[in-house]
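Encoded as structure tokens, the structure appears first; notes follow it.
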């Protein structure tokens, strides 16, 4: 019997994952990760870790599998929380869920599991794993979940071949309603439990308060840029190379306060992200204001009216070489090579047609259609059919 350690989070998905593995004849052990102690910034009645840990324990008891809790809060703080503060300070918007999978679940947690004699680590993610042989060695694939509405492959876009080789995703072939039905039939305490929102394993967090622990509030101005501002109507220069044109498509517009009008104040540009609508607290506009750019150096937030504002849209993005990650290392592009893919810049975004261009210092992703709110610090993931083959941090 192969031994599998399941990350039991106290939710319905990991509960059913543990049950399915047991049915398949694995020796299953449930492990709950405690990643957070500070209740002062969590909206506490909405999924504190204690309730989750109790639910995970009840599920393990019901399924008749051993259960224990591991405290990873130190590593979580170091690898996720500190990284988040650092990124926000730079004016970028990190994705803690992608990082949590790469750094915690499939690294720190996986190492603990392997030390406990596990052959595999399993999670309740809606995605699938494939494997085939190429030149005599196993190549692992990260495939979308069958439930297109819940597919979570994006959150695993930074996994490596070594991590995938030891991972199992038992519910990837099921839909959410099927998973809930299995849990209900088994009378599991998690059957009707709401999906957790907010930071991976922390529960709901009030982000401004969370960030304020490290990043001091600093009053600045909110500027509204009119959509007919001539910054958006300048004609394209002539390019001497394709790379010059690619760089032009990804350029950042250099806004100044004088390009628009001051419409309000904020408590810190680093608390805001591109495409954000809530939290600006500016009224009296015909259409709602959206953040089109933040300047953390000058502490200014630039906004535009309506979700069709030209300041929100771009055709391309860039990923620096050291932030490009290929799950399928065998498909990695060489200099000047291109690849036609489908890509997404956020979870649940429908896949978009795009072309990758490998240049000397990184990778350009050029979309067929304009994309709204391409945000630095977030992840772009690219797919061939239903296989996620690579990803990178938007720079």
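Selection of region 231-246 for residues being free of Cβ contacts under 8 Å to residues at least 12 places away in the same chain and either under 16 Å from residue 305 (Cβ atoms) or in a helix (DSSP H, G or I) (or both) yields 244, 245. With respect to residue 250, determine if the residue is at pLDDT 95 or above and either surrounded by fewer than 12 Cβ atoms within 10 Å (Cβ to Cβ) or in contact with a helix residue (DSSP H, G or I) (Cβ under 6 Å, 6 or more places away or on another chain) (or both). No; evaluated as a whole, the condition is false for this residue. A single entry from 122, 162, 113 fulfils the requirement of being modelled with pLDDT of 95 or more, surrounded by 21 or more Cβ atoms within 10 Å (Cβ to Cβ) and out of contact with any helix residue (DSSP H, G or I) (no Cβ under 8 Å at 6 or more places or on another chain): 113. Of all the residues in region 352-381, those that are outside any strand (DSSP E or B) and either under 15 Å from the mean Cα position of the chain (by Cα) or crowded, with 17+ Cβ neighbours inside 10 Å (or both) number 6. Among the strands (runs of 3 or more DSSP E) confined to region 285-351, there are none with at least 1 residues that are farther than 27 Å from residue 135 by Cβ, touching a residue at least 60 places away in the same chain (Cβ under 8 Å) and not assigned by TED's automatic domain parsing to the domain that holds residue 228.
Residues of region 261-283 that are surrounded by 19 or more Cβ atoms within 10 Å (Cβ to Cβ), closer than 14 Å to residue 298 by Cβ and touching a strand residue (DSSP E or B) at 6+ places or on another chain (Cβ under 6 Å): 266, 269, 272. Considering region 50-76, and only residues there that are surrounded by fewer than 15 Cβ atoms within 10 Å (Cβ to Cβ) and in a helix (DSSP H, G or I), the residue that is modelled with the lowest pLDDT turns out to be 50.
Right, residue 56: touching a strand residue (DSSP E or B) at 6+ places or on another chain (Cβ under 6 Å), under 22 Å from residue 156 (Cβ atoms) and assigned by TED's automatic domain parsing to the domain that holds residue 160 or not?
yes
The values are calculated or read from the model by the stated rules, or taken from the named source; none is laboratory data. Model, not experiment: these values are computed from the prediction. Using ideal geometry, Cβ is built from the backbone for each residue, glycine included, and neighbour counts are taken over all protein chains shown.
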